[in-house]
Amino acid sequence: MAIMHFYLCIASLLIKADDINIDSLFYKWNKATLRSLENSLSNAAIVGEKELYQNRLEAEPVYWDIETDSMNKESIRWKFLEQICKEFNPENNNWTVVEVVKSGEVVRIINYLICYDSSGAKIITYRYLIGGWSRVEERYADIKMRDLALTTARVSFESGSNNYDAIVTNFKSGSILQSEYFLNSTLSEKSKIVSIIN
């Protein structure tokens, strides 16, 4: 019994607190984005728009390689959280993640991590390549989280200026404030989100 207690103590020391936080964030992020898709499907005004939202609602969990309550550490979302948690502390910061899949001759899976400070934000671009995320660019912009207000970013179907779907999630101190799924051509050209991803 004493030997088992010793091994349990050693195992608890080897489990990183970050892993627990990543799991929690991953679960909440998946739920928030799926909820956004469900709401968008309910509010869609045009048959074609409804069909696209229904398609995304069925496809996204497969694409992410997750179930709503899954902790699949092979999911590209989980791997992204693991990557960024090595670089900064999500518990004590305000940040936004913009996820896009840019189609063309080569499909590019790109995430933008936006980390806010008192004077603006650092925007770090990541690209998913052969099983992992690579940091490809970093720049500074004069933006605040309020500039990426998700409630004013959406426009009616086929009147926006994004050429691909985008998922925008705002985080505050390790909690999810809001996650919104924007279909192709539903992001307002006035939104700062468009200037970040174009």
Checklist entry - Quick one: is Val194 more than 20 Å from Ile76 (Cβ to Cβ) and open to solvent by less than 20 Å² (accessible area, probe 1.4 Å)? => result yes
Checklist entry - Which of the residues that make up the range 167-191 are in contact (Cβ under 8 Å) with a residue 40 or more places away in the chain, closer than 19 Å to Lys31 by Cβ and crowded, with 21+ Cβ neighbours inside 10 Å? => result Ile167, Val168, Thr169, Asn170, Phe171, Ser179, Glu180, Tyr181
Item to check | Selection within the range 132-145 - outside any strand (DSSP E or B) and within 17 Å of the chain's Cα centre (by Cα) | outcome: Met145
Checklist entry - Which is touching a residue at least 60 places away in the same chain (Cβ under 8 Å) and out of contact with any Cys (no Cβ under 9 Å at 6 or more places or on another chain), of Val136, Val155, Val101? => result Val101
Next on the checklist: Based on this model, can you work out whether Thr125 counts as open to solvent by 40 Å² or more (accessible area, probe 1.4 Å), at negative phi and free of Cβ contacts under 8 Å to residues at least 40 places away in the same chain?
Outcome noted: no
Checklist entry - Which of the residues that make up the range 36-45 are at pLDDT 90 or above and either outside any helix (DSSP H, G or I) or under 18 Å from Val98 (Cβ atoms) (or both)? => result Ser36, Leu37, Ser40, Ala44
Checklist entry - For Gly160, are the conditions met, namely being over 27 Å from Leu41 (Cα atoms) and either at pLDDT below 90 or open to solvent by less than 80 Å² (accessible area, probe 1.4 Å) (or both)? => result no
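The values are calculated or read from the model by the stated rules, or taken from the named source; none is laboratory data. Note that the structure is a prediction, hence the values are computed from the model and not measured. Backbone-built Cβ (ideal geometry, glycine too); neighbour counts: all protein chains shown. Remember, those area values only see protein heavy atoms, side chains included, never the ligands or the DNA or RNA. Shrake-Rupley method; radii C 1.70, N 1.55, O 1.52, S 1.80 Å.
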